[in-house]
Amino acid sequence: MPNLTFRKLHPQFAAEAGPIELRSVTDRAMLDAIRAGMDEYAVLVFRDQPFADDEQLQFAMRFDGVLHSKTGASVVKKNRFGNEALTDISNVDEDGKILAADDRRRAYSLGNRLWHTDASFQDPPGRYSMLSAKVVPPVAADTEFADMRAAYDGLDADLKARLEGLSVHHSIAYSRSVLGFEFSDEEHEKLKGAVHPLVRTNPNTGRRSLYLASHASRILDWPLPEGRLLLRDLMEHATQPQFVYRHSWREGDLVIWDNRSTMHRGRPFADTTHRRELRRVTTLDVEFRPG
Ligand code: OGA
Ligand code: MN
């Protein structure tokens, strides 16, 4: 058995994993132990992981196969690393300068402060996201995660039965429009959205979860008001404090989360004053064949 231990960070989910240096992990048994940890905890925190960009991309492919690169951000701004699979989760421009309050790129990234799952507005959507912290501000600039399995388990039986078989349209144009961010017609064309089931089952564990996000705009085959109201109620239910783990970043952290069974959001901080730089790689929810 690989030497990897998990220390729980929350009663329901999320754990700190170690000791390990992910950059050099190629051993299939160890990668499988991490995957098993993901099935159990849905969010794993690894401290002191000094990833170079290329190492982060390579690790993500070894760990879970195909990378997501049709990001919403790619439609709005040029990727400063020249690789759309490496998402820039930062508040700086290509020269490393902090984005001004009225910068359109900043307005776009503020959408990460809404509860969401990564790439649910695409098909296939995202599976695992791996976020590496490079520059962490001296003030709290945390990320919250909500356990959508515990949220599903907490629904009453009648409601669970009503949710059975429902499909939801996810659109980033929708979630951004709620914040007053407008895409041009050309940008819209690239972001048509995608339809996904409202309840998902992890194929390895059989555990069910609510698949929600601020991108979720309507329930197919339901009239708009009822569909939108139900989605709002479910979001409210699923993000109650007992389902939420709050992560305080340290430089060198790599956090992996399962987008099929969690939501997350960035918390506000003085982002026009302090630099915050993280890089994310997300894999696609397609069949995984270990290489
Ligand atoms: C992300 C994200 C939130 C944050 O990386 O996908 O939503 O706190 N991040 O930066
Ligand atoms: Mn995100």
Note to self: For region 139-169, give me the residue count where each residue is within 16 Å of ligand 1 (Cβ to nearest atom), part of a loop (DSSP other than H, G, I, E, B) and out of contact with any Ser or Thr (no Cβ under 7 Å at 6 or more places or on another chain).
What the structure shows: 2
Checklist line | Hits in region 29-76 (condition: in contact with a Pro (Cβ under 9 Å, 6 or more places away or on another chain), open to solvent by 30 Å² or more (accessible area, probe 1.4 Å) and farther than 16 Å from Val281 by Cα) | finding: Ala29, Asp32
Next item on the list: Being under 16 Å from Val135 (Cβ atoms) and open to solvent by 30 Å² or more (accessible area, probe 1.4 Å) is the filter here, so list the residues in region 90-105 that pass it.
Entry: Glu94, Asp95, Lys97, Ile98
Notebook entry, point to check: Which residue out of Val66, Val92 is farther than 22 Å from Asn3 by Cβ, within 18 Å of the chain's Cα centre (by Cα), away from ligand 2 (no atom under 16 Å from the Cβ) and of a type in the set (Val, Ile, Thr)?
Noted result: Val66
Note to self: Taking the criterion of being over 22 Å from the mean Cα position of the chain (by Cα) and open to solvent by less than 20 Å² (accessible area, probe 1.4 Å), would at least one residue in region 136-152 satisfy it?
What the structure shows: no
Checklist line | Top-ranked residue in region 106-135 [being of a type in the set (A, V, I, L, M) and open to solvent by 20 Å² or more (accessible area, probe 1.4 Å); ranked as nearest to Glu21 (Cα to Cα)] | finding: Val135
Check: If the Cβ limit is 6 Å and pairs must be 6+ apart or interchain, which residue in region 123-145 that is within 22 Å of Leu67 (Cα to Cα) pairs with which residue that is acidic (Asp, Glu) and surrounded by fewer than 22 Cβ atoms within 10 Å (Cβ to Cβ)?
Finding: Ala133/Glu251; Ala133/Asp253; Lys134/Glu277
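To keep it simple, each residue is scored yes or no on (1) assigned to a strand (DSSP E or B); (2) at pLDDT 95 or above.
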{"position": "Gly180", "(1), (2)": "no, no"}
{"position": "Lys192", "(1), (2)": "no, no"}
{"position": "His196", "(1), (2)": "yes, yes"}
{"position": "Gly206", "(1), (2)": "no, yes"}
{"position": "Ser209", "(1), (2)": "yes, yes"}
{"position": "Leu212", "(1), (2)": "no, yes"}
{"position": "Asp221", "(1), (2)": "no, no"}
{"position": "Trp249", "(1), (2)": "no, yes"}
{"position": "Trp257", "(1), (2)": "yes, yes"}
Checklist line | From the options Arg267, Arg275, Arg279, Arg218, residue that is away from ligand 2 (no atom under 15 Å from the Cβ) and either within 30 Å of Leu22 (Cβ to Cβ) or in contact with a Pro (Cβ under 7 Å, 6 or more places away or on another chain) (or both) | finding: Arg275
Item checked: Subset tally (residues that are within 11 Å of ligand 2 (Cβ to nearest atom) and under 16 Å from Arg260 (Cα atoms)) for region 112-130 -> 8
Check: What do you reckon, is Leu212 more than 16 Å from ligand 2 (Cβ to nearest atom) and either out of contact with any Asp or Glu (no Cβ under 6 Å at 6 or more places or on another chain) or of a type in the set (Asp, Glu) (or both)?
Finding: no
Next item on the list: Specify the residue that is nearest to ligand 1 (Cβ to nearest atom); the eligible residues are those in region 266-278 that are surrounded by 20 or more Cβ atoms within 10 Å (Cβ to Cβ) and not in a loop (DSSP other than H, G, I, E, B).
Entry: Gly266
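The values are calculated or read from the model by the stated rules, or taken from the named source; none is laboratory data. From a predicted model like this one, the values you see are computed outputs, not experimental measurements. With ideal geometry, Cβ positions are generated from the backbone for all residues, glycine too; neighbour counts draw on all protein chains shown. These accessible areas exclude ligands, DNA and RNA; they are computed on the full protein's heavy atoms, side chains included. Shrake-Rupley method; radii C 1.70, N 1.55, O 1.52, S 1.80 Å.
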